[in-house]
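Notes to accompany the following structure.
Please treat every number below as a calculation from the coordinates, not as lab data. Here the structure is a predicted model, which is why all the values come from computation and not from measurement. Neighbour counts run over all protein chains shown; Cβ positions are idealised from the backbone, glycine included.
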């Protein structure tokens, strides 16, 4: 186990708590805020519950932290109104605020490495090609599940779900969201796979058994 993990986890949770307070102080829409930050409210107790038997590598822990900040910022403004997105829209002369696409990119980028960590440390799969395939399957499953949640919110809230959906009039928003998650997953494996593998190797000890959830 990384001896610095408990302190790193405390730092992550403290910064998350401060960011949640700032994000939720006066959000654009309170219901949207709750829906957007819900994954953080689920992840925080999970990280606490698994801190002893399944501490994450530093790379994955801090990526999870960064993903949480992306969600909180989207919750504060609603994804279609995040100022950073407007800046990118103006810079690239886009037809819409692209911040929600960043959110869905992260929805693939971060879960890809979380899934990779679970599969590698549990020794559920060994071949690198099969590992990459299964990781991307997990990414697409998570993305599709989130789209189903959005569909359920649209049915339950009616027009009140518009801010949560953030489609901005795009009839292909669902498909492009899933495509961005896939791009994020591929990017994570390509850019950070080797770094992640080195951190996983540092966690292993010859006399220890594989870590399981």
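With the Cα gyration tensor of the range 1-70 giving a ≥ b ≥ c as the square roots of its eigenvalues, does the rule (a/c under 1.5 for rounded; else a/b larger than b/c for prolate; else oblate) give rounded, prolate or oblate? Prolate, because a/c is 1.5 or more and a/b exceeds b/c. Estimated from the Cβ-Cβ distance and a Förster radius of 25 angstrom, the FRET efficiency linking residue 148 and residue 91 is about 0.15.
With the Cα gyration tensor of the range 36-143 giving a ≥ b ≥ c as the square roots of its eigenvalues, does the rule (a/c under 1.5 for rounded; else a/b larger than b/c for prolate; else oblate) give rounded, prolate or oblate? Verdict is oblate for the range 36-143. Considering only 70, 60, 31, the mean-square fluctuation computed in a Gaussian network model of the chain, springs between alpha carbons under 10 angstrom, is largest for 31.
Highest mobility in the GNM of the chain, judged by mean-square fluctuation with C-alpha springs under 10 Å and restricted to 93, 175, 199, is found for 93.
When the helices of the chain are scored as -39500 (n - 2.57) per DSSP H run of n ≥ 4 and the total is divided over every residue, the value at 222 nm lands at -25500 deg cm²/dmol. In terms of its C-alpha gyration tensor, the range 101-147 has a prolate overall shape, because the principal axis ratio a/c (a ≥ b ≥ c, square roots of the eigenvalues) is not below 1.5 and a/b outweighs b/c. Across the range 5-203, Cα pairs under 8 Å and at least six residues apart give a relative contact order of 25 percent.
Assuming R0 = 25 Å, what is the FRET efficiency of residue 137 and residue 62, from their Cβ-Cβ distance, to the nearest 0.05?
Details: r = 25 Å, r/R0 = 0.99.
Computed FRET efficiency for residue 137 and residue 62 comes out at 0.50.
Which residue, 124, 146, 99, has the most motion in a Gaussian network model of the chain that connects Cα atoms within less than 10 Å? Checking each option, the largest mean-square fluctuation is seen for 124. Relative to the current alpha-carbon distance between residue 69 and residue 4, full extension at 0.36 nm per residue lengthens the span by 21.2 nm.
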